[in-house]
Amino acid sequence: MAMLKETPTAPAYDVRSAVVVADAAVPPVSPVLISTLSERVNEAIAATTRDTPLPKVALTIRLASVSKGRGFDKNRNIAKINVDAASVDTGAVIALASFETTTFAADPTAADNLMAEQIAARIRSIFVLKAGQLVN
């Protein structure tokens, strides 16, 4: 007889706000990437409602490094991201997430938009947020 193990559920949070910052880097991180990512994450926060009370947190999304135009075709773009979730009540960091994304686009503007969407999608997944309205 096989024993079934219950998989532990990840802690859930009521995300109230997010701010995007970039570490000092050469070349500097594109303002388009920062603003687009901020818009997408904050739209997801606004679109998400919770039925049960959860710990309220504010996210700090830190772009630790961003490199564009890598690889043979100069179309690979890589970003390393660190996310801190701080309690709204105490200010203490209660959750951390780190990940890396890779997108492929030769055009720098397209690369910023693709990177912003991929990073936002990961954050939506980690913090169980709904996708906001995308405006073209």
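Observations, loosely collected:
- No other residue among A86, A95, A58 is small (G, A, S), touching a Pro at 6+ places or on another chain (Cβ under 8 Å) and closer than 18 Å to P11 by Cβ apart from A95.
- In the range 88-107, residue nearest to A18 (Cα to Cα) [restricted to those that are in contact (Cβ under 8 Å) with a residue 12 or more places away in the chain and more than 19 Å from the chain's Cα centre (by Cα)]: D89
- Qualifying residues in the range 98-125 (those that are β-branched (V, I, T) and surrounded by fewer than 17 Cβ atoms within 10 Å (Cβ to Cβ)) - the one nearest to D14 (Cα to Cα): T102
- Only one of the listed residues (A44, A58) is closer than 14 Å to A85 by Cα and surrounded by 13 or more Cβ atoms within 10 Å (Cβ to Cβ). That residue is A58.
- Tally of residues being free of Cβ contacts under 8 Å to residues at least 24 places away in the same chain and of a type outside the set (S, T, N, Q) across the range 47-61: 1
- Filter result (touching a residue at least 24 places away in the same chain (Cβ under 8 Å), under 26 Å from A131 (Cβ atoms) and surrounded by fewer than 16 Cβ atoms within 10 Å (Cβ to Cβ)) within the range 66-82: I78
- The condition of being free of Cβ contacts under 8 Å to residues at least 40 places away in the same chain, within 13 Å of the chain's Cα centre (by Cα) and either in a loop (DSSP other than H, G, I, E, B) or crowded, with 17+ Cβ neighbours inside 10 Å (or both) does not hold for T36.
- Total residues in the range 16-63, condition of a type in the set (S, T, N, Q) and closer than 19 Å to T90 by Cβ: 2
- Check on S125, polar (S, T, N, Q) and under 19 Å from D23 (Cα atoms): no
- Annotation note: of A25, A18, A58, the sole residue that is over 17 Å from L114 (Cα atoms) and at pLDDT below 85 is A25.
The values are calculated or read from the model by the stated rules, or taken from the named source; none is laboratory data. Values in this document were obtained by computation on a predicted structure and should not be read as measured data. All Cβ positions, glycine included, derive from the backbone under ideal geometry; neighbour counts span all protein chains shown.
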